[in-house]
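A quick write-up on the structure given underneath.
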Amino acid sequence: MAIRVSGLVSGLDTDSIVQELVSAYSMKKDKHVKAQTKLEWKMDAWKELNKKVNKLYKRLGNMKLSSYYNKKSTTISDTTKATVVAGSSAMNGTHTLSVDEVATTGQLTGAQLKGAKRNTTLVELGMASGKGHISVNANGGTTDIEVDSNMTVGDFVSKLQEAGVSANFDETNGRFYISAKKSGKENDFAIMATDSAGVDALKSMGIYMKPKSGGKEESVINEWKKYAQYQADGVTLDEAATKNNISTILSNIAQYQGTGAGSIAELEDLNAAKKTTLTNLQSERNYATAYRSSKDTLQALNTTEQEELEKLILKNEADLTGTEKATLRDYQQKLGLSDEDYAQFKANVKAVDSYEKDPDVDTNLVSDVHTKYANGTIQEWFDQNTAGIESIVNDMKGIAEDIADKQDYIKEHAILTGTAPATDTNTITDRTDILWDRLSFMVSAQDPNYSDADDTKAGKADAKDATITLDGIEYTSATNDITVNGLTITALQKTNGQDVTITTQANVQGIYDSIKDFLKEYNALIKEMDELYNADSAKGYEPLTDDEKGAMTDKEIEKWEDKIKKSLLRRDDTLSTVMNLMTTSMAQGITLSDGKKYSLASFGIKTQGYLASAENEGNVFHIDGDPEDEVTAGNNGGADALMAAIQNNPEMVQEFFQKLSDDLYTKLDKKMQSSTMNSKFCIYNDKKMQKDYNEYSKTIKKWEEKTSAMEEYYYKKFAAMEKALSSLQSSTSALGGLLGS
């Protein structure tokens, strides 16, 4: 802003005079600023109210579903044996339960190693020099651990943890503690030597045990036996046949895990190529569908009209003139299309245009579709396209099954790949030799000289599955949580043949609380709407200019603006429409499946009416006998009417509120549909308000420019006057000087 020094010659307060001269322009600008400020406050008021309406709308979306009311309460006669949680699908009734077994994790406690620490080596514990191998079977996999006499206790613990079990060495007690990470038989673990040096290592660490019948260790030995081939006597291992069997399996796995023919990678690449082809075919079909649909619609117009309409649809909507928009509406009426169908038609036209302009699109396909549509054979093209899509989908299913089969094959033989991983040796022959040694030891030489003297006094508690009997039917699970028909039962202790009783019934309190919460939310919203609609008039109050604020205290300004803000939605037509929509829906009678009509009053839920209620609470609902409501606590003999209705017939209450919620939800949804005036999920004309706000900004800018221009004009005039007066004063002084002399 230019710094002006004026009135030096004339002595006039030029700034004040100029401001008075342009005040008419400033007042017009201020008028628009005040209107824009008021509109901004109104937009803010609607935004806050709209949030609350949307919150109620979302609750109604849940209330119209049966799951909102399917609340169950469950009791069990002995909570020390099991706990029960009822889901919404649980059936009401009484059930008998016995806990036959509780799920446990496999636990191994090693023998005491006096004086041993985490840095103690295995040779110090008594292992002979050399290398041994220990197999850890856990979580469906096998890990080979190579041990030697220089390995420390801490090193071995780390190897166990890497193999998938929980492991620790307690220096205070001098023992290994090893456990599975999950409960259940399928998650049990086994730690076994696969050579004599491995047995020596396990013995030195106090965790060697003879395999138990029926235990995880026995199942591991049986897993090895599946690969064993025997001579004619059925007892002696056939080394050549066994090695050939193992070699074949390793070769298959190597092929599957490779990148060549028959590999999973090759199949995945083939599947990716098929997927690309499928995507292209589907894209072509989408194009042809859009083309046929748009052309079918356009047949109601002549060629010139078709070209004009397509041209207007493809034009940027923001660039359309008012006349062009009117032309589009005329065409919609001429075609007899609903807003939804017209929107789809325009989308089809744009999709066709976009596809045909794509430089990567096959122009022959486009030409083919055009030709076949013109001669009426387009359906043949669709039939061919459908057949092609179905063929590729079937191919992809076959590839997926082949991949799954090969992945299952690899998983099935995990004991081989885990015991002799591909990275350990360079050839399948080397790995086969290693596996033969491990297999022959596990199958026929599992420390045949084992005696009680070798027992390290380690103890292992095998994992167990949970087993329960519910209403005479047995169920098992790897965990203690078992879900049956909506009941989630957590087994805690065995019932030792004694049944406990489970009782499931509708959770009356839960249903009551859900409905009451809805009523509270509705009441708060409808009361706020009433207050906004019936607010005191703020006639004569307008937003303050900066100059006006300067003459008032902060408290006075706040009070002044608050007066205006509270009245912004007073007697608002949109607000009135929404209120009527809500109150009408809530007051209606609804016919239920028993053929009778019910209303909220049927369940003791009523309004007091405008004459009897407090100010702006005429549409607020109260529950007769609700002890928390001082207005109606004494009604119905002091008994809560809604609670009684739910207790007597929860299904009827649920049906009523589902239908009531669905009706109000549908009406609000229709009100909040997107239009030229409002956005989706808006009950007020937010688009129009924003447009008006932007127009105010343009108008204010114009008046600011006019005011500035007029100020500049008057300042130039006063500057010229000052210059003339200065010149006159100089001349007068000169003349006076001459006369005086």
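The values are calculated or read from the model by the stated rules, or taken from the named source; none is laboratory data. Since the model is a prediction, treat every value here as computed from it, not as a measurement. Here Cβ is always computed from backbone atoms with ideal geometry, including for glycine, and neighbour counts include all displayed protein chains. The accessibility values were calculated without ligands, DNA or RNA, using every heavy atom of the protein model including side chains. Shrake-Rupley method; radii C 1.70, N 1.55, O 1.52, S 1.80 Å.
Once fully extended, how much extra length lies between Glu239 and Asn485, figured as 0.36 nm per residue of separation less the alpha-carbon to alpha-carbon distance? Let's see the in-between values first.
Working: separation 246, 0.36 × 246 = 88.56 nm, distance 5.30 nm.
So the extension gain works out to 83.3 nm.
7 Å from Cα along Cα→Cβ at both Asp405 and Ala374: what's the point-to-point distance in nm?
4.9
With 10 Å bins from zero, work out the P(r) of the range 463-563 over every alpha carbon pair and list the percent per bin.
Reading the bins upward from 0: 10, 21, 13, 12, 10, 8, 11, 12, 3.
For the residue pair Leu301 and Leu320, what label-to-label distance in nm results when each label sits 7 Å from Cα along the Cα-to-beta-carbon direction?
Taking the simple label geometry, Leu301 and Leu320 are separated by 1.2 nm.
Let's test this: bin the Cα-Cα distances of the range 566-672 at 10 Å from zero up to the farthest pair and state each bin's percent.
Here the calculated profile for the range 566-672 is 13, 36, 35, 14, 2.
Suppose the chain between Lys275 and Ser166 were pulled fully straight at 0.36 nm per residue; how much longer would it get relative to their current alpha carbon spacing?
Values: separation 109, 0.36 × 109 = 39.24 nm, distance 4.28 nm.
This chain segment gains 35.0 nm when fully extended.
Jot down the radius of gyration and Dmax of the range 237-384, Cα atoms only, both in angstrom.
For the range 237-384, the Cα radius of gyration and maximum Cα-Cα distance read 26.8, 95 Å.
Take every Cα-Cα pair in the range 101-182 and report what % of them are more than 15 Å apart. Please report the intermediate quantities before stating the final value.
Details: 1992 of 3321 pairs.
Of all Cα-Cα pairs in the range 101-182, 60 percent lie more than 15 Å apart.
Could you tell me the distance between the Cα centroids of the range 665-713 and the range 563-589, to the nearest Å?
When both Cα centres are located, 22 Å separates them.
Counting only C-alpha contacts under 8 Å and six or more residues apart, can you give the relative contact order of the range 60-191 as a whole percent? Provide the component values of the computation, followed by the final result.
Values: 193 pairs, mean separation 33.3, N = 132.
Rounded, it is 25 percent for the range 60-191.
Please go through the residue pairs Lys42/Lys555; Lys131/Lys216; Lys47/Lys687; Lys38/Lys563; Lys539/Lys566 and name each one whose alpha carbons sit more than 18 Å apart in this structure. Before the final figure, lay out each step's value.
On the way: Lys42/Lys555 22 Å; Lys131/Lys216 25 Å; Lys47/Lys687 12 Å; Lys38/Lys563 12 Å; Lys539/Lys566 12 Å.
Cα-Cα > 18 Å for Lys42/Lys555; Lys131/Lys216; rest within.
Express in whole angstrom the spacing between the alpha-carbon centres of the range 213-281 and the range 91-169.
28
State in Å² the accessible area per residue of the range 270-402; use a 1.4 Å probe, count heavy atoms of protein chains only, and round to the nearest integer. Could you put the intermediate results ahead of the total?
Details: 8190 Å² over 133 residues.
So the range 270-402 comes to 62 Å² accessible per residue, rounded to a whole number.
Taking the Cα-to-Cβ direction at Glu651 and at Ser129 and moving 7 Å from each Cα, how far apart do the two end points lie in nm?
Using points 7 Å along Cα→Cβ, the separation is 8.5 nm.
For the range 208-256, what is the convex hull volume of its Cα atoms per residue in Å³?
Details: hull volume 5.8 nm³, N = 49.
Output value, Cα hull per residue: 118 Å³.
With r as the distance between the Cβ atoms of Tyr541 and Leu611 and R0 = 30 Å, compute the FRET efficiency 1/(1 + (r/R0)^6) and round to 0.05. The partial results should precede the final answer.
Working: r = 31 Å, r/R0 = 1.03.
Here the calculated transfer efficiency is 0.45.
Taking the Cα centre of the chain as the origin and placing charges on Cβ (Lys, Arg +1; Asp, Glu -1), which of Ala116, Met529, Gln505 is farthest toward the positive end of the dipole?
The listed residue farthest towards the positive side: Met529.
How big is the Kirkwood radius of the chain, worked out from every pair of different alpha carbons and given in Å to one decimal?
Working: mean 1/r = 0.0268 Å⁻¹.
That comes to 37.3 Å for the chain.
Angle, helix 650-671 long axis vs. longest principal axis of the chain, Cα atoms, 0 to 90°, nearest 10?
The helix 650-671 is inclined about 50 degrees to the chain.
Taking the Cα atoms only, what angle lies between the long axis of helix 363-374 and the longest principal axis of the chain, rounded to 10 degrees?
The answer is roughly 70 degrees.
With a 1.4 Å probe and every protein chain left in place, tell me how much accessible area Ile253 has, in Å² to the nearest 10.
Accessible area of Ile253: about 10 Å².
What FRET efficiency comes out for Ala524 versus Met91 if R0 is 41 angstrom and r is the Cβ-Cβ distance? Round to the nearest 0.05.
Rounded to the nearest 0.05, the efficiency is 0.65.
May I ask for the percentage of alpha-carbon pairs in the range 353-418 that lie more than 18 Å from each other?
Numbers: 1364 of 2145 pairs.
That fraction is 64 percent.
Taking the Cα centre of the range 486-533 as origin and charging only Cβ (+1 Lys, Arg; -1 Asp, Glu), how large is the dipole, in debye to the nearest 20?
Numbers: 4 positive and 7 negative charges, 73 e Å.
With Lys and Arg at +1 and Asp and Glu at -1, about 360 debye.
Tell me, what is the FRET efficiency for Thr591 and Ala387 to the nearest 0.05, using R0 = 45 angstrom and their Cβ-Cβ distance as r?
Working: r = 51 Å, r/R0 = 1.12.
FRET efficiency, Thr591 to Ala387: 0.35.
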